[in-house]
Amino acid sequence: MSADNEIIFQKKIDSGLKIEPKDWMPDKYRKHLIRQISQHAHSEIIGMQPEGNWITRAPSLRAKMVLIAKVQDEAGHGLYLYSATETLGITRNELIEQLQSGKAKYSSIFNYPTLTWADIGAIGWLVDGAAIVNQQSLRGTSFGPYSRAMVRICKEESFHQRQGYEIMSKMSNGTPEQHEMAQDALNRWWWPSLMMFGPHDADSSHTSNAMKWKIKRETNDDLRQLFIDRTVKQADLIGLEIPDPDLKWNPETKHYDFGKIDWEEFWEVVNGNGFCNKERINNHISSHEEGQWVREAALAYAEKTQNGVENE
Amino acid sequence: MTKELLYKYVLALGDDALIIGQRLSQWAYKGPFLEEDIALSNISLDMFGRANLFLEYAATLKGDGATADELAFKRNEREFCNHILCEQPNGNFADTMVRQFFLDAFNKLFLQKLIESKDEQLSAIAQKSIKETTYHLRHSSKWIIRLGDGTAESHAKVQSAINNLWMFTDELFESNKIDHEMVKQKIGVDCSLIKVEWDKIIDEVLSEATLSRPENSNMLSGGRAGIHTEHLGHLLSDMQYLQRAYPDAKW
């Protein structure tokens, strides 16, 4: 029976149909999705912190409003993605617990600190830029709720990327100090952004099933290359230099060749030894704990009013 | 003469919106759950939007190429004339919600009157803002009721917030010379006239929330004259940091 189900399931996927929450799916497919979508949701949520770090110091009313709106969008993305994960039979509370205990991961990029205002530009331009490449590809993912969430999220992310690029452009063309901040931010965020696509295909443990099930549509290396090709031109346009001496156009492949990524640093940060790993999780835990009495009160009140006790 | 007074009147309204917007934005990712993070950011965004409209108008009245950003980021503590309630720290969620509830109830009544202003700009800003504030007030009053009538812990916290913030509420209804002149010219709002309705909103919500209204004692005021609690200076030094540190930069 299970073998039949599996054949039908794979046929659906091969013919480009979406898998919906009530459809039969292999346990490993379900687990893979829970891991991937929740990791994506957690990244949106933890990603609010490095940017939130600059909300109160944003240098103009407009910059402030745009940044608040962006961080708010991220909370919204986190919400849809938690909801998409919940359709797979896990609760938001369980997901939050996995995040706080370290069982679930989030994108390692958010363990780097935002030191200057230019970092807010760099996050929008590079981090959201890399995320878009990944998410555009995921619009075609085989699980319906995830695919639909991606369609919606992509629209907002492209606005985020423009916002980041605008900050970088203004700073690069501003005073010498501003230009220096912009270049410094690019220097610090470039390599971690490339790491966002994950290990090289040859070293990625999750790629093969994910491709067969069409959860992933393109490989880590292909997506990384697409991002680099796009971004190099954008850097040129605003007078910033990509911090990679090996970066050069290859007329044969029609892509940019680039230098070696420091995977040791990547794994260090993934394994908890980045600049802000502990702080990000501790902040999440403390806000969550601080909110406990509020959630309890809301629940207690809802129970009272549902029972009609409020009119006693 | 009127232009100078109108400038100061509009500037004060801008300061109120700016300072409460800045306070709310400090919640960013720290709310009790995600939906509330989104709600608080929304209210903060509305307040910054409103601040921007008032301050842009104030900048036009001031002339000399003044901008809204300059007014927001380059004035000192004593030049800010927001109500003191707006600058009070976020505290816990109950403190924030009580501050918001007091202000939302005031803003709703104030804006309803400001719509009738003879000044077209002010009337237009009021018309846009009243819709947002109606939603804000619904949000904050529901929270006051939930927290008041929720658990013993939430009841105690929200009651304590009410007791602590009460002394800043009288100031909302005071009138100075500028207000008097603006009222006389049918540009501004006579806040003494909205006090009764404000009391009514507060009493109704507190009663539904099983909370009690404090007595008026030690009521503080001074914000409109640039006298503030010490909290404002820290809020400004954070908010104005980049503009102050890099005066020649354009952002």
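The values are calculated or read from the model by the stated rules, or taken from the named source; none is laboratory data. Everything numeric here is computed off the predicted structure, so don't read it as measured data. Methodologically, a virtual Cβ is constructed for each residue, glycine included, from the backbone with ideal geometry; neighbour enumeration extends over all protein chains shown. Ligands, DNA and RNA are stripped out before the accessible areas are found, and what is left, the full protein with its side chains, is counted by its heavy atoms. Shrake-Rupley method; radii C 1.70, N 1.55, O 1.52, S 1.80 Å.
Listed by chain and number, the aspartates and glutamates whose C-alpha is less than 13 Å from the C-alpha of A:K214, apart from same-chain residues fewer than 8 away, are A:D14.
A cut-off under 11 angstrom between Cβ atoms defines the neighbours of A:G47, and their net charge, with Lys, Arg +1 and Asp, Glu -1, is -3. For B:L165, what is the net charge nearby, where nearby means another residue's Cβ is under 10 Å from its Cβ and Lys, Arg count +1, Asp, Glu -1? Computed value for this residue: 0.
For the protein assembly as shown, what % of the accessible area comes from carbon and sulfur atoms, probe 1.4 Å? List each step's numbers first, then the result.
Values: 12670 of 24590 Å².
Ligands and nucleic acids excluded, carbon and sulfur reach 52 percent.
Entry comment: accessible area of the protein assembly as shown is 44 Å² per residue, from protein heavy atoms only and a probe of 1.4 Å.
May I ask for the accessible area buried between chains B and A, both sides summed, probe 1.4 Å, to the nearest 100 Å²? Please list the in-between numbers first.
Numbers: alone 12270 and 16290 Å², together 24590 Å².
Between B and A, the summed buried area is about 4000 Å².
Residue separation of A:R35 and A:E252 scaled by 0.36 nm, minus their Cα-Cα distance, works out to 74.3 nm of gained length. Only alpha carbons enter this Debye calculation for chain A, each as an equal point scatterer, and the log10 of I(q)/I(0) it gives at q = 0.08, 0.10, 0.11 Å⁻¹ is -0.41, -0.62, -0.74.
Partners of B:K195 within straight-line reach, counting lysines whose Cα lies under 27 Å from its Cα and excluding those fewer than 8 residues away in the same chain: B:K8, B:K108, B:K113, B:K118, B:K128, B:K131, B:K142, B:K157, B:K177, B:K184, B:K186. Note on A:N187 and A:D4: the model spin-label points, each 7 Å out from Cα along the C-beta direction, lie 6.5 nm apart. Between A:N282 and A:T87, the distance separating the two model label sites (each 7 Å from Cα on the Cα→Cβ line) works out to 3.9 nm. Summarising the label geometry, the points placed 7 Å from Cα in the beta-carbon direction at B:I227 and B:E204 lie 3.5 nm from one another.
Excluding residues fewer than 8 places away in the same chain, name every one of the aspartates and glutamates whose C-alpha is closer than 16 Å to that of B:K250. The qualifying aspartates and glutamates are A:E166, A:E177, A:E180, B:D69, B:E70. Number of Lys-Lys pairs in region A:1-111 with C-alpha atoms under 21 Å apart and a separation of 8 or more places or on different chains: 13. Dipole size of region B:92-251 about its Cα centre, with +1 on Lys/Arg Cβ and -1 on Asp/Glu Cβ: approximately 400 debye, rounded to the nearest 20.
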